[in-house]
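Presented below is the structure to which this report refers.
Read-outs throughout are calculated quantities, based only on the coordinates presented, and are distinct from any laboratory measurement. None of these values were measured; they are calculated from a predicted model. Positions of Cβ are generated from backbone atoms using ideal geometry, with glycine treated the same way; all protein chains shown enter the neighbour counts.
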Amino acid sequence: MRILAIETSCDETALAILTERKGFLYLEKDIVYSQVDIHKKYGGVVPEVASRKHLETIMPLLQHTLGKNKLKNIDYIAFTQGPGLVTSLVLGVATAKALGLASNKALLPINHLEGHIYSNWLTHQELQSNKINIFPSVVLVVSGGHTELILMTGHGQYKLIGKTLDDAVGEAFDKVAKLLGLGYPGGPIVSKLALMGNAHKYDFPRPMINSHNFDFSLSGLKTSILYFLEKKQKINQQDVADICAGFQLAVTEVLVKKTFLAAKKYGAKSIMLAGGVSANTFLKQNLQNNADKLAIPFFAPEMKFTGDNAAMIAAAAFYRLKNKKARLFSGDKISKLEPDANWQLVVK
Ligand code: KG4
Ligand code: ZN
């Protein structure tokens, strides 16, 4: 089985070819073209610019990925159908449709968040070999657009335990970076500066930490930093580092506490982290430490699979096919496929 995957949900144009070798996943191709340097100067992703850039890059990348064999050895074409920016998604969807119609290969629409979850399978061979029973797994999905606690009871089987009521975690990092004049994307910058800061110098709120549910709220934390900055007026470099560290600690404490409360309540056999914020070392370490204390296996994707990529979309497609849970589209049905910008992996 050889899968071509296409991901264009935001500001990365990504393509991958995945197959299986000796019982393990094997990535023949894995290309990510990031537009981050283009959007940096605007302080965030500009949808119109992202869309044009996908249009410019997708065909050359596709030619490079497929090489001279073109689609000859490809069995399935997986693509991100949503959630994401509709103006970005549409380029990947249109490309997949054109390839499907021209080649008669079956298409597989994949949810972007499911892709992030399967970046863990790409990373850990013990998950691929099925040697340990990890289900039910409590999965913390934290990205620029989403913050969700999901109970994964099997491949392709999800229950929503909790989600953010306002900002996503990545979005909160980005907004705090903006308030501090640090540039975009904020997550990597804030976490780097936090290394030099004292996380206990300023005490920021831990919103909803004691609420008796698994939902999150992050906009109040961001606002409290805004008020703090207005009051303080002048801040030096050390203050900035201390604010970054204090903010990161506040967010991490809430995420870790709720993740492990959920693990206890649902009798989780493992904990998983997924999404762009899974690049955050402080969060990863705190989840790992807690998991070690409880002797629960903890999984996080390796750095190169934390951000948006097509390899994770291919991996999600692989397990859907393997577990006979794939929705396949071929022939006339292909023309009905459209982006689903608000596609929720699971609803409460
Ligand atoms: O999953 P992703 O690449 O795109 C979406 O699907 O949203 O996530 C991007 C988000 C951005 O908000 C970025 O600031 C955040 O992930 N991020 C981080 C770190 N690296 C990326 N947040 C905190 N710490 C990091 N090291
Ligand atoms: Zn993402």
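Quick look at the numbers
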quantity	calculated
GNM result for the chain, Cα springs below 10 Å: residue of Ala78, Ala326, Ala172 fluctuating most strongly	Ala326
The chain: antiparallel DSSP beta bridges as a percent of all, rounded to 5	60
Cross-link reach list, aspartates and glutamates versus Lys97, counting only Cα pairs under 15 Å and skipping chain neighbours closer than eight places	Glu7, Asp75, Asp332, Glu338, Asp340
For peptides 182-191, 84-93, sequence by mean Cβ density within 10 Å, most packed first	84-93, 182-191
Segment 62-144: relative contact order in percent, alpha carbon pairs under 8 Å with at least 6 residues between	27
Peptides ranked, highest mean first, by Cβ atoms within 10 Å: ranges 19-30, 100-111	100-111, 19-30
For segment 133-296: relative contact order, % (alpha-carbon pairs under 8 angstrom, 6 or more apart)	30
Set Lys22/Lys70; Lys131/Lys257; Lys324/Lys348; Lys201/Lys231 screened for pairs whose C-alpha atoms are more than 26 Å apart	Lys131/Lys257
Relative packing of 327-338, 199-210, which averages over residues the other C-beta atoms within 10 Å, highest first	199-210, 327-338
The chain: most fluctuating residue of Gln128, Gln237, Gln248 per GNM, C-alpha cutoff 10 Å	Gln237
Mean Cα-pair separation over length for the chain, i.e. relative contact order, pairs under 8 Å, 6 or more apart, %	25
Antiparallel DSSP beta bridges within segment 63-200, as percent of all bridges there, nearest 5	65
Among beta bridges that DSSP assigns inside segment 133-296, antiparallel share in %, nearest 5	65
